Amino acid sequence: MSLKKHQNADNTYETERLILRPMSAEDRDFVFELYNRPKFIQHIGNRNVNSVEDAENYILNRFAPQIERLGYGNYLLVTKDNNEKIGAVGIFEREGLDVVDIGYSLLEEFEGKGYAFEAAQKVKSIGMDNFGLSKISAIISKDNLSSQKLIEKLGLKFKKHVTLPGETEELNYYETE
């Protein structure tokens, strides 16, 4: 499956400490681990990734088509210094939201080091500067205070509470001005 070629031929980006590359089937073990961490399930939700095979299907059916269609999507975060897979960041089309949504998740052992902000800042710039998005949103659990601070630092402002289709939890909705 070949990705459409956009400004950046392989859709890989760099920050000071990270490489961001599109999630691919080879990342299935990592996605399985990340998506089953208690903190991921608490703040983002259970995505029913119950096996490595489920993780591969999730990547191929959810992430790959959006990158192919739009040129941006979900990126794996890899450290430059140790080549470690530490998390994911992306811009997603979500049912129930009119504005594409930025999202991120890290393995807990890499939290608190500024990686999420560094990656989210890069993805926001990819979306707005490279792909001409005029607005980006974020949805965050009401109890996820560290994520709320990060999103505000990124320049998004709280607008309202939303509940996504098929969900029961009311979330905080943020948007760029």
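Here's the picture: charge each Lys and Arg Cβ at +1 and each Asp and Glu Cβ at -1 in the range 13-176, and of 89, 148, 112 the one pushed furthest to the positive end of that dipole is 148.
By how many nm would the segment from residue 111 to residue 36 lengthen if fully extended, with 0.36 nm per residue of separation less the alpha-carbon distance? Please report the intermediate quantities before stating the final value.
Numbers: separation 75, 0.36 × 75 = 27.00 nm, distance 1.64 nm.
Additional length available on full extension: 25.4 nm.
A Förster distance of 22 Å, applied to the separation of the beta-carbon atoms of residue 128 and residue 14, puts the FRET efficiency at 0.80.
Under 10 °C and 1.306 mPa s, how fast does the range 13-176 diffuse according to Stokes-Einstein, given a Kirkwood radius computed over C-alpha pairs? Answer in µm²/s, whole number. Using the Kirkwood radius from Cα pairs, D works out to 99 µm²/s.
Would you mind checking 80/113; 113/149; 39/122; 39/157 for any pair whose Cα atoms are more than 21 angstrom apart? Over 21 Å apart, Cα to Cα: 39/122; 39/157. Solvent-accessible surface of the chain, averaged per residue with a 1.4 angstrom probe and all protein chains in place: 52 square angstrom.
The values are calculated or read from the model by the stated rules, or taken from the named source; none is laboratory data. Since the model is a prediction, treat every value here as computed from it, not as a measurement. Here Cβ is always computed from backbone atoms with ideal geometry, including for glycine, and neighbour counts include all displayed protein chains. Remember, those area values only see protein heavy atoms, side chains included, never the ligands or the DNA or RNA. Shrake-Rupley method; radii C 1.70, N 1.55, O 1.52, S 1.80 Å.
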